[in-house]
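I have placed the structure first, in the form of structure tokens, so that the comments after it can refer back to it.
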Amino acid sequence: MPRKLPALTGDNRAFWQGGENNALLIHRCSACTRYFHPPSPVCPACNSFEVGPQAVSGKGQVASFTINHQPWTPELQEPFVIAIVELVEQAGLRFVSNIEGIPVTDVFIGMPVRVHFQQEDDVWLPLFVKD
């Protein structure tokens, strides 16, 4: 599936390029120990500047999902799953990704997943498969 790639910045580079080393890097505050996503230079929980990327397990569960059936562009292969994945490291630590490797009808809320990475240029996209 063709994807629009993110513009890399000092704040998000670790997240988008950690997959080169098979690492899902999520920002964490050393002052209050909270993980947060998307990455930013300030902790959204305590306003500390003591933040930086930290490797997480890459395991989580599907918190919600939808199945896209719309071929938005001629190259787009549908149907595909767009999911909100909650990582095991912290309740509420979620981000949007795709679930791959199984029929779209087999995806369910609460399904255990693990990250795998797809390289596109200098970006490693964190996608998920059933665990």
Condition first: modelled with pLDDT of 95 or more, closer than 23 Å to Glu120 by Cα and open to solvent by less than 30 Å² (accessible area, probe 1.4 Å). Can you find one or more residues in the range 42-53 that meet it? no
Any residue in the range 13-23 that is within 19 Å of Ala91 (Cα to Cα) and either acidic (Asp, Glu) or surrounded by fewer than 16 Cβ atoms within 10 Å (Cβ to Cβ) (or both)? no
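Residues being charged (D, E, K, R) and in contact (Cβ under 8 Å) with a residue 24 or more places away in the chain: count how many of those fall in the range 1-53. Even if it seems obvious, please write down each step before you answer.
Residues of the range 1-53 charged (D, E, K, R): 3-4, 11, 13, 20, 28, 34, 50.
In the following step, the residues that additionally are in contact (Cβ under 8 Å) with a residue 24 or more places away in the chain were identified as 3, 11, 20, 28, 34.
Qualifying residue count, the range 1-53: 5.
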Select from the range 90-110 the residues that are open to solvent by less than 20 Å² (accessible area, probe 1.4 Å) and of a type in the set (Val, Ile, Thr) and write down the one among them that is nearest to Phe36 (Cα to Cα). Ile99
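Given the criteria open to solvent by less than 20 Å² (accessible area, probe 1.4 Å), modelled with pLDDT of 95 or more and more than 21 Å from Pro6 (Cα to Cα), does Val129 qualify? Lay out the reasoning, then the answer.
Details: open to solvent by less than 20 Å² (accessible area, probe 1.4 Å): no; modelled with pLDDT of 95 or more: yes; more than 21 Å from Pro6 (Cα to Cα): yes.
Judged against the criteria, Val129 is not a match.
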Whichever residue in the range 26-41 is in contact with a strand residue (DSSP E or B) (Cβ under 6 Å, 6 or more places away or on another chain) and open to solvent by 40 Å² or more (accessible area, probe 1.4 Å) and, among such residues, is nearest to Pro126 (Cα to Cα): His37
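Which residue is nearest to Ile99 (Cα to Cα), if the candidates are limited to the range 20-62 and must be touching a Lys or Arg at 6+ places or on another chain (Cβ under 6 Å) and part of a strand (DSSP E or B)?
Checking each candidate, the answer is Lys59.
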Looking at Gln77 and the list (1) surrounded by fewer than 13 Cβ atoms within 10 Å (Cβ to Cβ); (2) at pLDDT 95 or above; (3) among the polar types (S, T, N, Q), which single condition is not satisfied? (2)
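The values are calculated or read from the model by the stated rules, or taken from the named source; none is laboratory data. All of these numbers come straight from a predicted model, not from anything done at the bench. Please note: Cβ atoms are built from the backbone with ideal geometry, for glycine as well, and neighbour counts cover all protein chains shown. SASA here: full protein model, heavy atoms, side chains in, ligands and nucleic acids out. Shrake-Rupley method; radii C 1.70, N 1.55, O 1.52, S 1.80 Å.
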